[in-house]
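Presented below is the structure to which this report refers.
The values are calculated or read from the model by the stated rules, or taken from the named source; none is laboratory data. In this text the structure is predicted, and so the values were computed from the model without any measurement. Neighbour counts are summed over all protein chains in view; Cβ atoms, including those assigned to glycine, are modelled from backbone coordinates with ideal geometry. Accessible surface is based on the protein model in full, side chains and every heavy atom, while ligands, DNA and RNA are left aside. Shrake-Rupley method; radii C 1.70, N 1.55, O 1.52, S 1.80 Å.
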Amino acid sequence: MSQSTDTTREAWRGLLRYLGRRRGRWALTLVELTIASIFLVTAINLADPLIQLAQSISRSPAEQAAALRGAWLPGWFGLTATAENVNPTRLLQGIWIIIAATVACVLASQVLFYAAYVQIVRLGQQLGVDLRTDYYAHLIRQGPGFYRRRSVGELLTVGMTDVKTVSAFL
């Protein structure tokens, strides 16, 4: 293996060590994102009968009933084999239930996405603090020869810019 591959692998291992300190929070964030995605997909699936109904409004009642029969919640609409048996009150109730459930799923997904975003930002900031703390602790342990070989600007650049870049990545 080449020297750069070993260096890159070692750098990733070091970064993963910092991420591992808060692996519970990272896991919670992944769970939040997964649940938010499930809510969003559910909202899309709930809206499908409404889209089918909207597309069939200009059609005959028989075609409207056929479109609703293909929806995944036909029992809510009181549908039977013929269009004459469609109960308009039940149909309207079903539409409102679907609208309410869709809005609730979208709102729940957005709340979870926001919570995950806040958590990721917080974890990135904590990672930056951990990296800087360990970097400066390492600098304090160095002897005078270390500081003779390196300029102050080089040390500050690593401590400020490089850590900020890693934090911004996450």
Within the range 154-170, the residues that are open to solvent by less than 40 Å² (accessible area, probe 1.4 Å) and either farther than 14 Å from L19 by Cα or of a type in the set (A, V, I, L, M) (or both) are L155, G159, V163
Exactly one of T157, T133, T102, T165 is modelled with pLDDT under 80 and not aromatic (F, W, Y), and that residue is T165
- Message: Any residue at all in the range 75-94 that's within 25 Å of V41 (Cα to Cα), at pLDDT below 70 and surrounded by fewer than 11 Cβ atoms within 10 Å (Cβ to Cβ)?
- Response: yes
Check: Regarding Y114, is this residue within 22 Å of the chain's Cα centre (by Cα), without any contact (Cβ under 8 Å) to a residue 12 or more places away in the chain and open to solvent by 60 Å² or more (accessible area, probe 1.4 Å)?
Finding: yes
Of those in the range 117-131 that are open to solvent by 70 Å² or more (accessible area, probe 1.4 Å) and over 30 Å from D48 (Cα atoms), the residue nearest to the chain's Cα centre (by Cα) is R122
Check your understanding: Looking at the range 137-151, is at least one residue surrounded by 14 or more Cβ atoms within 10 Å (Cβ to Cβ) and either hydroxyl-bearing (S, T, Y) or under 18 Å from R17 (Cα atoms) (or both)?
Key -> no
